[in-house]
Amino acid sequence: MTVAETIHASAVVIGERAAIIRGPSGSGKSRLVLALLQAAQTGLLPYAKLIADDRVKIAAAHGRLVVSPPDTIRGVIEVRGLGIRASAYEPLAVAGLVIDLAANDAARMPENMTTKLLDISLPRLPIGADVEPLPIVLAALSTAPKG
């Protein structure tokens with residue numbers, strides 16, 4: 001049996017896995033999605049495509065967390081200053097990372113962090129409210145921890 005729910009988050013597939021971007025309203029979830037999409041267009045990332053903005057369907061299936069857009073917001077993203085805009089999207093992806101914006105536990109030198117969604121453990125990247133998230137996310141995707 002598959003367990004599923006809808007969460008307040010955005011999601012973007014980067015390469016072969018999806019990043020779930022969580023945070024309070026106004027924390028920059030949509031802005032980070034747009035920045036990641038632009039990073040792929042300019043070659044900083046090999047591939048990125050929107051899955052969903054503001055609400056994401058998650059489901060546990062065969063030990064993996066699968067993300068998809070809710071029907072009502074499929075293929076749209078909010079662009080601050082422009083409103084709701086159409087966007088190409090992926091209908092389904094396996095999650096590989098959770099990014100928490102405006103995280104109270106963000107640290108300069110964090111330990112390996114994980115979180116659980118629907119009993120599936122995923123790597124977690126907490127980013128403080130006063131930090132620009134794109135450089136950290138790009139570094140997390142392109143480098144490995146020393147040691």
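From helices alone, the chain scores -5000 deg cm²/dmol at 222 nm; the rule is -39500 (n - 2.57) for each run of n ≥ 4 DSSP H residues, then divide by the residue total. Relative to one another, the C-alpha centroids of the range 14-82 and the range 109-127 are positioned 17 Å apart.
Ligands, DNA and RNA left out, the 1.4 Å accessible surface of the chain is 52% carbon and sulfur atoms.
Top to bottom by accessible area (1.4 Å), largest first, where do Lys49, Lys29, Lys116 land?
Numbers: Lys49 60, Lys29 15, Lys116 130 Å².
Ranking Lys49, Lys29, Lys116 by accessible area, largest first, yields Lys116, Lys49, Lys29.
Show me, for the range 92-98, the HN-Hα J-couplings you get by feeding each phi into the Karplus relation (A = 6.51, B = -1.76, C = 1.60, θ = phi - 60°), rounded to Hz, glycine and proline as x. Per residue, the Karplus-derived 3J(HN,Hα) values read 6, 7, 8, 6, x, 7, 10 Hz. Annotation: amide H-H contacts under 5 Å for Gly23 (H modelled 1.01 Å from N, sequence separation of 5 or more, or interchain): Leu101. Evaluating 6.51 cos²θ - 1.76 cosθ + 1.60 at θ = phi - 60° for every residue in the range 65-79, the Karplus couplings come out as 9, 9, 10, 7, x, x, 4, 5, 10, 4, x, 9, 9, 8, 10 Hz, glycine and proline recorded as x. In terms of its alpha-carbon gyration tensor, the range 42-147 comes out oblate; a/c meets the 1.5 threshold, while b/c is at least as large as a/b. Taking 18 Å as the straight-line reach from the Cα of Lys49, the aspartates and glutamates in range (excluding those fewer than 8 positions away in the same chain) are Glu16, Asp71, Glu78, Glu90.
Taken one residue at a time, the phi angles of the range 113-124 give Karplus couplings (6.51, -1.76, 1.60, θ = phi - 60°) of 10, 9, 9, 10, 10, 6, 6, 9, 8, 9, x, 10 Hz. Gly and Pro are set to x.
Packing around the peptides 75-85, 36-46, taken as the average count of other Cβ atoms within 10 Å per residue, puts them in this order, highest first: 36-46, 75-85.
Here Ile73 sits with roughly 40 square angstrom of accessible surface, probe radius 1.4 Å.
May I ask you to derive the relative contact order of the range 18-147, considering only C-alpha pairs under 8 Å and at least 6 residues apart, and to give it as an integer percent?
25
Between the amide H of Arg55 and those of Ala9, distances stay under 5 Å, these residues lying 5 or more places away or on another chain, with hydrogens modeled in the peptide plane.
For Leu125, nonlocal amide neighbours, meaning residues 5 or more places apart or on other chains whose placed amide H falls under 5 Å from its own, are Val98, Ile99, Asp100. If you run the Gaussian network model on the chain, springs between alpha carbon atoms under 10 Å, then out of Pro135, Pro70, Pro123 the most flexible one is Pro135.
The values are calculated or read from the model by the stated rules, or taken from the named source; none is laboratory data. Given the structure is predicted, the values throughout are model-derived calculations rather than measurements. Using ideal geometry, Cβ is built from the backbone for each residue, glycine included, and neighbour counts are taken over all protein chains shown. With ligands, DNA and RNA removed, areas are computed over all heavy atoms of the protein, side chains included. Shrake-Rupley method; radii C 1.70, N 1.55, O 1.52, S 1.80 Å.
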